[in-house]
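Single-structure report; data block below.
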Amino acid sequence: MTSPDDRAAAAPAAPGLRSDRRLTRSITVTWWYTVSAIVFFELMLVLMTVSVLHLEGFRPAVVRAVAAGGLLWLVATGVALVAYRHRTDSAPLLPWRSALLPLSTAAVLGALGWASTGIWIVAITPVVQVAVMLDWAAGIRLRVVVAATALLAVLASIDARSVFTGGDSAESNWPVMVVYSVLLPGVTVLSLWWWDVLVRLDRARAAESRLGATQERLRVATDVHDLQGHHLQVIALQLELAERLIDKGRAGAALEQVRAARTSVAAAQQGTRDLATRFRGVPLEHEIANAVDLLRAAGTTAEATIDPDSRRAPADVLGPVIRETTTNVLRHGGGRWARLLLTGDGAGWRYEITNDASSPAAASEDGSGLTGIARRVGEAGGEVRVERGRSEFTVTVRVPATGRPAGPVTVPAEGSERR
């Protein structure tokens, strides 16, 4: 139940999007739960109404007609719910075009129900149910629900005095039907209100994500501006000074300024590379999480164990190793399961990835993936160990906790290098 101000504030951020509700796929399951609850409540009401009419002694043809009308009412409710789900924030509060079919269907069913049974609550309930599902504003919808509930309660009391006068069997059933009918508008609106709350929360989450990305871009732009602006200003001053010295015939001093400008250019290039490297760095827990998601997306059952202090591990060494070994599992693994492990013991860090072995034909394939991993890890003072069994393949990488001069490069044995 959203107000007009909420609708305006929640308008789509990107041009061309008609409504954020069309993008809330992550809560689609919740929407189907909502629809199922409303339809189930209605279905129970239809069954109880048919039972009460039967016990009250109505003709079988009337009972069958009311049952068929109840099924059509469920269809009309489905149409109204679809219209509610796909309404847009820029549309009028009452989209009569989409509401015309369910409203007219409910009105016809109500008229037929009154003509065949003479029961007010049977005639009015379908119309009231569709009416409360229209896209009312918050305050108006509350008034509509209160008025609909009061109307159904009054009509139920009239029916109780004029229609439901049968035996004990009927008297034991019709009050339940009346209670369900009177509660139906409130239950429906509460379900839709809960859905609206989830939509707004999902929209807020998406907006927060976009805001975080925008702030990160702004931070990168600011750092690049500060870095390049400083160096460019220094280079401009050095070249201007060199030009003046040349005009004065001091070629030697001008050459020194040109050399200084070249040094400034090199410093700017290095600073840009360092900045790009810093922003490209991804925490290792995120690297492993991404690897697990990628493996699962490929149909592999993947799980990971990560040390709580993994942020202290050398991400510049292990990050590329995680990406390369994950790619190797996708290309050469059996495709059924994989396990990833990252632990530290104070002296160093151990990364291990184990997966089901591929077919024998794949074992003889040539590849340079493990050689590249071993070279990178060896330059950081670590080592790589490859173990291939009958049913699994394991790559274990050990790196020191702090960097040290490059040690010997451990290249996997020829029989193991299949990746």
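Before moving on, here are some points about what is shown:
- Within region 322-340, tally of residues that are of a type in the set (A, V, I, L, M) and closer than 11 Å to Gly369 by Cβ: 1
- Residue within region 253-270 that is closer than 30 Å to Pro320 by Cα and buried (at least 17 other Cβ atoms within 10 Å of the Cβ) present: yes
- Residues of region 188-196 include at least one that is among the hydroxyl-bearing types (Ser, Thr, Tyr), in contact (Cβ under 8 Å) with a residue 60 or more places away in the chain and crowded, with 17+ Cβ neighbours inside 10 Å.
- Listed by first and then second residue, the pairs linking a residue in region 307-326 that is assigned by TED's automatic domain parsing to the domain that holds Val377 and closer than 21 Å to Leu295 by Cα to a residue that is surrounded by fewer than 21 Cβ atoms within 10 Å (Cβ to Cβ) and β-branched (Val, Ile, Thr), with Cβ atoms under 8 Å apart and 6 or more places separating them unless they lie on different chains, are Asp307/Thr343; Ala315/Val282; Gly319/Val282.
- Those helices (runs of 4 or more DSSP H) lying entirely in region 1-95 with at least 2 residues modelled with pLDDT of 70 or more, in contact with a Phe, Trp or Tyr (Cβ under 8 Å, 6 or more places away or on another chain) and surrounded by fewer than 17 Cβ atoms within 10 Å (Cβ to Cβ): 28-55
- Only one of the listed residues (Ala131, Ala148, Ala153) is touching a residue at least 12 places away in the same chain (Cβ under 8 Å) and surrounded by fewer than 19 Cβ atoms within 10 Å (Cβ to Cβ). That residue is Ala153.
The values are calculated or read from the model by the stated rules, or taken from the named source; none is laboratory data. This one's a predicted model, so the numbers in the text were calculated from it and none came from an experiment. No Cβ is skipped: glycine too gets one built from the backbone with ideal geometry, and neighbour counts run over all protein chains shown.
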